[in-house]
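Please treat every number below as a calculation from the coordinates, not as lab data. Predicted, not measured: the structure shown is a model, and the values here were computed from it. FYI the Cβ positions are ideal-geometry reconstructions off the backbone, even for glycines, and counts take in every protein chain you see.
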Amino acid sequence: MVMKPMTRVFSGIQPSGVPTLGNYLGAIRNWVPMQDAHESIFCIVDLHAITVWQDPKELSRQTREMAAALIACGLDSKRCTLFVQSHVPAHAELGWIFNCVARIGWLNRMTQFKDKAGKDREAASAGLYVYPNLMAADILAYHATKVPVGDDQKQHLELANDIAQKFNHDYGVEFFPNIEPLIQGVAARVMSLRDGTKKMSKSDPSDQSRINLTDDADAIALKIRRAKTDAEPIPEHMAGLEGRPEARNLVGIMAAITDTLPENVLREHSGQGFGAFKGTLTEALVAHLSPIAAEMRRLLTDPGALDAALHLGAERANAVAEPIMKQAREIIGLLPAR
Ligand code: AQP
């Protein structure tokens with residue numbers, strides 16, 4: 001038997017809609033090779049999703065759909081621990097403990113809350129405000145030390161480390177480890193097809209703004225055809241994409257989906273108009289994503305099997321988290337339950 005190195009990786013994704021090409025290129029695709037390089041824990045973070053309103057029927061459907069998407073993309077419940085956040089009580093419990101450790105001043109500095117709460121901050125849920133505390137708990141309940149994150153999540157990881165250090169300091173222990181971001185190669189940040197300055201999001205009200213992993217070839221073709229661009233042709237060099245966020249985005253998607261650098265895409269297509277380029281991009285996307293969508297459809301015909309895989313994942317996750325929680329309760333002085 002091959003012994004895995006001890007590094008424990010944790011990452012999560014919200015079941016707040018159908019996973020998008022952005023989720024795929026920016027996160028899920030990078031998780032697949034981690035399964036063999038690390039002890040990997042991947043979580044469908046439904047408790048995070050409800051920090052904004054989720055229709056109850058849709059939430060449970062989307063949670064299963066997310067599980068199907070992750071498995072269809074290559075996560076294998078034999079090589080990683082894949083489960084739903086609310087199935088493992090440690091997340092909510094440690095999240096509460098961290099609500100009592102984190103300082104309000106720290107949370108006030110979180111830019112994602114400001115972005116997500118928008119102008120009417122008073123009307124945002126308290127859950128959205130303490131979201132980073134729950135995220136810290138997600139990771140630290142497993143003593144995970146590596147977290148694959150995009151740039152937008154770095155601030156939350158720093159906060160998680162502040163929480164871990166304050167906990168250790170206040171209770172005079174060396175209990176929670178330091179977390180390090182796991183920086184991926186070329187970080188793919190996929191932007192909206194309707195506005196190249198906004199990231200592609202599964203909860204964007206416009207379905208035309210994103211490619212869903214469930215989209216068929218016709219839907220992909222239509223969305224790419226309608227994607228915003230400009231009248232200029234594909235430039236020769238990256239400098240020619242300055243001030244052209246939509247053009248840059250389509251070139252970036254082409255590079256990511258064909259596993260090359262944007263510079264190579266420009267070399268191959270420079271001088272071409274976006275009409276022709278969009279045709280080639282559609283072909284590349286359909287070739288890459290169709291097998292994933294087909295596998296998702298197949299997996300979703302057997303919800304019982306998906307639920308069983310998630311149940312097994314939750315048992316495995318709980319087996320790691322519960323001993324850590326037991327020690328955490330002792331450190332804090334919570335009276336053990338009989
Ligand atoms: N557009 C994107 N480009 C690259 N990576 C992305 N991720 C999300 N959007 C893009 C990455 O996907 C992982 C899971 O994200 P999440 O579900 O936890 O939350 P999110 O980042 O807020 O993603 P969405 O799709 O925008 O969800 P909603 O609409 O619910 O807010 C993360 O690693 C993230 O970086």
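Points to keep in mind about this one:
- Summarised in one figure, the compactness ratio Rg/Rh of region 71-133, Cα atoms and Kirkwood Rh, is 1.11.
- Computed over region 216-338, Cα set: Rg, Dmax in Å: 24.0, 73
- Within the chain, the selection of entire DSSP H helices by a Cα span of 20 Å or greater along the long axis and an average Kyte-Doolittle value of at least 0.0 returns 126-140, 274-300, 303-332.
- Packing-based exposure ordering (other Cβ within 10 Å, fewest first) of H48, H169, H269: H169, H269, H48
- Computed over region 108-219, the ratio Rg/Rh where both radii use C-alpha atoms and Rh is Kirkwood: 1.05
- Likely footprinting exposure, E246, E322, fewest C-beta neighbours within 10 Å first: E322, E246
- Within the chain, helix-based [θ] at 222 nm, where runs of 4 or more DSSP H residues each add -39,500 (n - 2.57), nearest 500: -16500 deg cm²/dmol
- Per residue, the convex hull around the alpha carbon atoms of the chain comes to 161 Å³.
- A Förster radius of 25 Å, combined with the Cβ-Cβ distance separating D152 from N108, puts the computed FRET efficiency at roughly 0.90.
- Ellipsoid semi-axes in whole angstrom, largest first, where each is sqrt(5λ) of the Cα gyration tensor of region 23-155: 26, 18, 15
- Each peptide in 123-132, 66-75 receives the mean, over its residues, of other Cβ atoms within 10 Å, and ordering these scores from highest gives 66-75, 123-132.
- Proximal aspartates and glutamates relative to K154, as straight alpha-carbon distance under 16 Å, when same-chain residues fewer than 8 apart are discounted: D115, D138, D162, E180
- Cross-link partners of K166 among lysines (Cα-Cα below 18 Å; sequence separation of 8 or more within a chain): none
- Diffusion constant of region 194-252 at 25 °C, which comes from Stokes-Einstein with the Kirkwood Cα-pair radius and 0.890 mPa s, µm²/s: 197
- Packing-based ranking of 270-277, 35-42 yields 35-42, 270-277, ordered from highest to lowest mean Cβ neighbour count within 10 Å.
- The Kirkwood hydrodynamic radius of region 22-97, based on inverse pair distances between different Cα atoms, is 13.5 Å.
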